[in-house]
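Asker: Let me give you the structure first, and then I'll get to my questions.
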Amino acid sequence: MKSLLVIPAFNEEPTVAGLVRTAKAHIPDILVIDDGSDDATTLVSALAGAMVHRLKTNMGKGVALKEAFAYAIDQGYDYVLTMDADGQHDPEDIVSFLPLLGRYDLILGNRMADSGRVPVLRRVANLSSSLIVSSLCGQWIHDSQTGFRAYRTELLGRVTLQSSRYDLETEVIIKAARKGFRIGHVRIQTIYADEVSRFRNVRDSLRFLSVVFRSFLWW
């Protein structure tokens, strides 16, 4: 089964190269989408062995992912795995996804099984958003905000994604569930250090709510 690992990155020079090198032991094909960084993200990613596509300006995580999805479909990949570039995901957890490829169309990494290590405000926000998304999907979604995922490219070819930032990851869950695609979950490690989150609480929360309201038109 042909799989591509996608790492969207914005100013992640300190962490992205190490992720690429570790992940290559599990998935040889790695694509870093440099979302208009003004540091050496592109250079260190390429030196670590990744393919790199650089956007001229910062367009948002959703745009970066859609660029990668289009490439994966065009190149005939069966699955796209995604992980964040800031060090919150351990590439060694890729091995937990691999046995589930072929069984599910969308596999979500679940940090909530180890939620005690998640900062309280993030844990409450994640639980709240997961409850809302679960109700819209008609099935339990343990961790709706996780960026560590695996997508079957057939799914990506059959849903139209409109969002451009973090809200795209919510949009795709709801649309996948509504179209009857199989959604699975896998436990992943919870890693929080001193990294700066790219999530902007007010602005990105409003985008999440916009997806929720628009979802009532997707039935």
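The values are calculated or read from the model by the stated rules, or taken from the named source; none is laboratory data. It should be emphasised that the depicted structure is a prediction, and the values quoted were computed from it without experimental measurement. In this analysis, Cβ positions are derived from the backbone assuming ideal geometry, glycine residues included, and neighbour counts consider all displayed protein chains. Note: accessible area is taken over every heavy atom of the protein model, side chains too, but ligands, DNA and RNA are not part of it. Shrake-Rupley method; radii C 1.70, N 1.55, O 1.52, S 1.80 Å.
Asker: How high is the relative contact order of the chain? Use alpha-carbon pairs under 8 Å, at least six apart in sequence, and give a whole percent.
Answerer: Rounded, it is 23 percent for the chain.
Asker: Could you tell me whether the chain comes out rounded, prolate or oblate from its Cα gyration tensor? Rule is a ≥ b ≥ c as square roots of the eigenvalues, rounded for a/c under 1.5, then prolate if a/b exceeds b/c, otherwise oblate.
Answerer: rounded
Asker: Turning to a different aspect of this structure: For segment 1-62, how big is Rg over Rh, using alpha carbon atoms and the Kirkwood form of Rh?
Answerer: 0.96
Asker: Rolling a 1.4 Å sphere over the protein heavy atoms, what is the accessible area per residue of the chain, to the nearest Å²?
Answerer: Averaged over the residues of the chain, the accessible area is 45 Å².
Asker: Under 8 Å for C-alpha pairs, at least 6 residues apart: give me the relative contact order for segment 24-106, rounded to a whole percent.
Answerer: Here the relative contact order equals 25 percent.
Asker: Right, something else. Can you pull the three principal axis extents for the Cα set of segment 96-169, in Å, largest first?
Answerer: Result for segment 96-169: principal-axis Cα extents of 36, 30, 23 Å.
Asker: With a 1.4 Å probe and all protein chains left in place, how much of the accessible area of the chain comes from carbon and sulfur atoms, in whole percent?
Answerer: That share works out to 55 percent.
Asker: Check every DSSP H run in the chain and write down those whose alpha carbon atoms cover 18 angstrom or more along the long axis and whose mean Kyte-Doolittle hydropathy is 0.5 or greater.
Answerer: Long hydrophobic helices here: 120-137.
Asker: Classify segment 60-105: rounded, prolate or oblate, from the alpha-carbon gyration tensor (a ≥ b ≥ c, eigenvalue square roots; a/c under 1.5 rounded; otherwise prolate if a/b is larger than b/c)?
Answerer: Oblate.
Asker: With a 10 Å radius around each residue's Cβ, average the other Cβ atoms per peptide and rank 147-156, 89-98, 52-61, highest first.
Answerer: Per-residue mean Cβ counts within 10 Å order the peptides as 147-156, 89-98, 52-61.
Asker: Nearest-5 percent of antiparallel DSSP beta bridges in the chain?
Answerer: Roughly 25 percent of the beta bridges in the chain run antiparallel, per DSSP.
Asker: Filter the cross-link list LYS2/LYS56; LYS66/LYS175; LYS61/LYS179 down to pairs whose alpha-carbon distance in this structure exceeds 21 Å.
Answerer: Table pairs above 21 Å Cα-Cα are LYS2/LYS56; LYS61/LYS179.
Asker: Out of the DSSP beta bridges found with both residues in segment 84-191, what percent are antiparallel (nearest 5)?
Answerer: In segment 84-191, approximately 35 percent of DSSP beta bridges are antiparallel ones.
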